[in-house]
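The values are calculated or read from the model by the stated rules, or taken from the named source; none is laboratory data. The structure presented is a predicted model; accordingly, all values stated were derived computationally and were not measured. All Cβ positions, even for glycine, are placed from backbone atoms using ideal geometry, and neighbour counts span all protein chains on display.
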C-alpha cells in the first residue's frame, strides 16, 4: 500500500455515484503511478551510487595487489591473478623484498566474501607488509599476525595463509602454512609432482597462542610452485561438479612455457568448467618458477 485517499461530502450535498467512484479510482491510480515512479527513480539512483562505490572499492582493493614482479635474479618468474566472486573479495597475494636477494611471498583467503572480507584483507595486507619487514622470518611473522588477528577478531572471521621467504640466489625456500591448501611442486625435467607439505597449522585469527611450524624446501632449476585458493577447487558447473585437484595437476604438468601461461590456462579452464554458473568463491592463483 502506497497511501490512503479519502473524500467526504459532495459540495452539492448529494450522495456519491458510481461515476464519482470511477473518477476517484482513476485519480488515485494516476497518483500511485507517479509515487511508484518516484520511488523507482530514487532506488535506481541509490543502486547506481552503490555500484559506483563498489567499482571504486574494487579498484582500490586491486591496487593493494602487485601487478608485476621484479626480482634480483631474473631466472625467477612469478605470475599471479585474483578473481573476486563479487566486486570485492577476501583473497590476496603479495611479494615484497625483505632485503637484497630475499623475498617474502604470501597467498591467503579471508573467510566469507564481499565487503567485510575485503576490509579484513586490506588491513591484513598492511599488517603483513609491516611485520614481515620487521621480523623477516616466516614463523615469527605468522605468529605475530595470528595474535593480532585473534585479538581483533570480528564475528569469527579468520584467514588461511601461506607465507614463504625465498632466497633467489640459493633457491632456499622457508615457509609456514596457516590452514591453507598446500602448494603443488612440479619439476619438469623429472616429471615429478608433489605437495609442499611439512608445515601444518590452523588458520590465523582463531587461537591467539597457536603455534606454527616452519619447513624448508630447496628449489631446483626448472621447478615450479603453484599456489591457489580454495575458490579454484570450489568452482562448479551446472551439474554440481567441482573443478578437481586432478584437473589442476593436469594443467601443471601440461604444455606451458612461463608461469603466466600456466595461470592463464587455469583461469580459462575453470571458466569453461563453470560454463554459465556464477562464480561461487574468490579465486587466486600464483605460480613461481626457477628457470
Hey, does region 12-32 have a residue that's touching a residue at least 24 places away in the same chain (Cβ under 8 Å) and out of contact with any helix residue (DSSP H, G or I) (no Cβ under 7 Å at 6 or more places or on another chain)?
-> yes
Single residue of 220, 216, 211 found to be assigned to a strand (DSSP E or B) and more than 19 Å from the chain's Cα centre (by Cα) | 216
Would you mind stating whether residue 226 is exposed (fewer than 15 other Cβ atoms within 10 Å of the Cβ), in contact with a helix residue (DSSP H, G or I) (Cβ under 8 Å, 6 or more places away or on another chain) and over 16 Å from residue 85 (Cα atoms)?
-> no
State the number of residues belonging to region 237-260 that are within 21 Å of residue 280 (Cβ to Cβ) and either free of Cβ contacts under 8 Å to residues at least 60 places away in the same chain or in a loop (DSSP other than H, G, I, E, B) (or both).
-> 12
So which of 119, 98 is in the same structural domain as residue 230 (by TED's automatic domain parsing) and touching a strand residue (DSSP E or B) at 6+ places or on another chain (Cβ under 6 Å)?
-> 98
Across region 189-202, what is the total count of residues that are over 30 Å from residue 275 (Cβ atoms), without any contact (Cβ under 8 Å) to a residue 60 or more places away in the chain and surrounded by fewer than 21 Cβ atoms within 10 Å (Cβ to Cβ)?
-> 9
Looking only at residues in region 71-110 that are part of a loop (DSSP other than H, G, I, E, B) and either under 19 Å from the mean Cα position of the chain (by Cα) or free of Cβ contacts under 8 Å to residues at least 24 places away in the same chain (or both), which one is surrounded by the most Cβ atoms within 10 Å (Cβ to Cβ)?
-> 90
Search region 234-260 for residues being in contact with a strand residue (DSSP E or B) (Cβ under 8 Å, 6 or more places away or on another chain) and within 30 Å of residue 74 (Cα to Cα), and hand back the single one that is surrounded by the most Cβ atoms within 10 Å (Cβ to Cβ).
-> 259
